[in-house]
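Below is one structure, written out as structure tokens; comments come after it.
The values are calculated or read from the model by the stated rules, or taken from the named source; none is laboratory data. Computed from a prediction, not measured in an experiment: that's the story for all the values here. Note: ideal-geometry Cβ built from the backbone for every residue, glycine included; neighbour counts use all protein chains shown.
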Amino acid sequence: MQPQSAMSALAEHVPTFLHALVLSPHEQAASAANGADVVPRMSEVPPIRAEAPDGSLYGGDLVADVVRYRELRARSLAGDLLAGHELDELSKLESDLRQPRPQRSDEVDDAAALRSFFRFACDFPARVRAGIVDAEFSVKDISAGGVKLEGPHRFTPGDVAALTVAHDGGHLSFPSRVAWVRGEAFGLMFAGAARPVAG
């Protein structure tokens, strides 16, 4: 018997739902409309694919970049002196995640232009804990400031919540607050640094 290559051995064990990795959020929606189940359970989430507002795919690990940006930004605002390489990293993350401010008031034609951060379209599961609620929802977009989720809920703006996402073989919890609610959609605003937690 010949030894298998690492890729062929992995391919035998990768469930079919992982084909979502090669689909953009728009392709995932079309596939789901045709009856395909492309949204994995939270424990099975591979690195997310996220689309920028211009339709391009985010080139790095968006969750890791959001976590690192929030950490560096909080340290900077607290008056910590960042090392030169940390200042460079913060500057790059700012350029990747923060929307440029409109130059003139007549350039502001919708709420999206007023946001501080780009929203990246995605579709992956996450767990939200708020009060007695502990349920899984679908993340529809993510930014350095928060997330939009969908699913049946009874949240109200101001509710304190914790968002848990699978990431890099573990889980991260983001302290959050419910910012808005529209039907089954709701937004969480991050309210602190993410921390690793048990699944």
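Worth a mention:
- Residues located in segment 177-190, provided they are free of Cβ contacts under 8 Å to residues at least 24 places away in the same chain and surrounded by 13 or more Cβ atoms within 10 Å (Cβ to Cβ): 177, 180
- Contact annotation: residue pairs with Cβ atoms under 7 Å, 6 or more positions apart or on different chains, pairing a residue in segment 74-87 that is at negative phi with a partner that is not aliphatic (A, V, I, L, M), are 82/75; 82/76.
- One residue from 166, 144, 121, 193 being outside any strand (DSSP E or B) and surrounded by 20 or more Cβ atoms within 10 Å (Cβ to Cβ): 144
- If you go through segment 61-81 and keep only what is part of a loop (DSSP other than H, G, I, E, B) and surrounded by fewer than 14 Cβ atoms within 10 Å (Cβ to Cβ), you end up with 78, 79, 80, 81.
- Selection count where residues are of a type outside the set (Lys, Arg), touching a strand residue (DSSP E or B) at 6+ places or on another chain (Cβ under 8 Å) and closer than 21 Å to residue 151 by Cβ, scope segment 167-180: 9
- Flag for residue 129 being at pLDDT 50 or above and either part of a strand (DSSP E or B) or at positive phi (or both): yes
- Among the residues of segment 147-163, those identified as of a type in the set (A, V, I, L, M, F, W, C) and not in a loop (DSSP other than H, G, I, E, B) are 147, 149, 160, 161, 162, 163.
Residue-by-condition table, conditions (1) among the basic types (Lys, Arg); (2) in contact with a Ser or Thr (Cβ under 9 Å, 6 or more places away or on another chain):
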| site | (1), (2) |
| --- | --- |
| 155 | no, no |
| 161 | no, yes |
| 165 | no, yes |
| 182 | yes, no |
| 187 | no, no |
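- Segment 143-199, residues that are basic (Lys, Arg), modelled with pLDDT under 95 and closer than 20 Å to residue 69 by Cβ: 195
- Of the residues making up segment 169-190, those that are assigned to a loop (DSSP other than H, G, I, E, B) and within 15 Å of residue 153 (Cβ to Cβ) are 183, 184.
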